[in-house]
Structures are given as C-alpha cells and as structure tokens.
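The values are calculated or read from the model by the stated rules, or taken from the named source; none is laboratory data. Everything quoted here is computed from the prediction, not taken from an experiment. Here the Cβ positions follow ideal geometry from the backbone for every residue, glycine too, while neighbour counts run over all protein chains shown.
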Amino acid sequence: QVRLVESGGGLVQAGGSLRLSCAASGRIFRIDFMGWYRQAPGKQRELVAGITSGASTNYADSVKGRFTFSRDNAENTAYLQMNSLKPEDTAVYYCAAMILGATYWGQGTQVTVSS
C-alpha cells in the first residue's frame, strides 16, 4: 500500500558528494516520521537522519555538519545530501517512513566511498 523508492547511491571518492532521494507513494495520509538509515557489512542498521512531523531534524553525530536531510511534503519525497564523504560512510542506505503507526522501508541503495 505504501512504497518507498530510493535512488542516488553510487561510488564516490572520499571528500565527494552524493544526493539520495526517497519517493513515497501509495495510501499516504500523513507521514509521522521520515528518515534515512544505513547498514554497513557486519554492523547494525543505524539512524543517519530523521524528522518527526512538527519537530526538528535529528542527525547521527558521525554525520553532523556533513549530511543534510530535507523533505518535500507536497511530493512526499525526502532527500539526503551527503558532503565530505568518508570511507566509513560506506553502507546500504535505507529510507524509512512511519505512517499511521506502521513503518515502511525502501529497498536500499548502496553508497561506496573509496579512499
């Protein structure tokens, strides 16, 4: 009923930038939370940036000052601008949205940062 589709991942050199997009479609009445998570090989999935409806954006300490989360509410689309990328940012990045108490996930997009 709700579908999240990420795009924008890829291979970039350290210090470079990427912009991820997440488009939500389906039966969307109100998005209570939208965020980006990432999971590196052998590690747990972690929150990178997220925003709750009516609240400010939260960022993981490791990405503060480098990543910027934004939303286009009219288009139900979220973006993650990633600057000054580091090899430790390499992971699969997932978009997530909470709608009416249910959490939906995208399929993930690979981000690889070479040193």
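Here are some notes:
- Looking only at residues of the range 1-18 that are farther than 16 Å from Ala91 by Cβ and hydrophobic (A, V, I, L, M, F, W, C), we find that the one that is modelled with the lowest pLDDT is Val2.
- Count of the range 25-78 residues which are small (Gly, Ala, Ser) and either in a strand (DSSP E or B) or surrounded by 15 or more Cβ atoms within 10 Å (Cβ to Cβ) (or both): 8
- Count - residues of the range 41-63 that are closer than 14 Å to Ala96 by Cα and over 15 Å from the mean Cα position of the chain (by Cα): 1
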